[in-house]
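> I have a structure I would like to understand better, so I am pasting it below and will then ask my questions one at a time.
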């Protein structure tokens, strides 16, 4: 078994997100499989460490996401997560709801989006959230996920970051990213 990528998946328990399992992609005998691992800190070393093993159809391959936690490094691997478009639509709905409440997140990035056990994306980390028009001078944001020229809180901050995430998730060229590092 050649492990390739692992992702943490969360569940809402008593109002808190807790890690439920790690989603794992691995290759065996030239085929790709997805599975779950109940262990967070230890990379699975054998198939016996995995649960819910399912083959991945070749037509579902696409480049791995840049920030995936690689268990074994294989940049040539292609794998597309089912439902990426659905995730993005749900995240946009969440942002629009937040905006309707009079808040701008201002720090939307992949680390601030969790997936529940029910496969629902949840936006987290609201310490940078402000009202529209508020100064961003003392607001902490994640390097590489915002336009440094924007100095006030506005809806386009979140929507531009979502567009960046969309580019990142769909395997586009890094030259297509919106924000300079």
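The values are calculated or read from the model by the stated rules, or taken from the named source; none is laboratory data. If you're wondering where the values come from, they're calculated on a predicted model, not measured in any experiment. Counting neighbours? That spans all protein chains shown, and the Cβs are built from the backbone with ideal geometry, glycine included.
> Name the residue that is modelled with the lowest pLDDT, counting only residues in the stretch 109-130 that are in a loop (DSSP other than H, G, I, E, B), closer than 30 Å to residue 33 by Cα and in contact with a helix residue (DSSP H, G or I) (Cβ under 9 Å, 6 or more places away or on another chain).
Residue satisfying both the conditions and the ranking: 119.
> Could you grab me the full set of residues in the stretch 115-130 that are without any contact (Cβ under 8 Å) to a residue 40 or more places away in the chain and within 18 Å of residue 92 (Cα to Cα)?
Scanning the stretch 115-130 gives 119, 120, 121, 123, 125, 126, 128, 129, 130.
> Quickly run through the stretch 89-106 and pick out the residues that are surrounded by 16 or more Cβ atoms within 10 Å (Cβ to Cβ) and out of contact with any helix residue (DSSP H, G or I) (no Cβ under 8 Å at 6 or more places or on another chain).
Matches in the stretch 89-106: 90, 94, 103.
> Before we move on, is residue 162 assigned to a helix (DSSP H, G or I) and within 21 Å of residue 87 (Cβ to Cβ)?
Answer is yes for this residue.
> Being closer than 20 Å to residue 117 by Cα and surrounded by fewer than 15 Cβ atoms within 10 Å (Cβ to Cβ) is the filter; apply it to the stretch 28-41 and report the residue that is modelled with the highest pLDDT.
Checked the stretch 28-41; the qualifying residue modelled with the highest pLDDT is 38.
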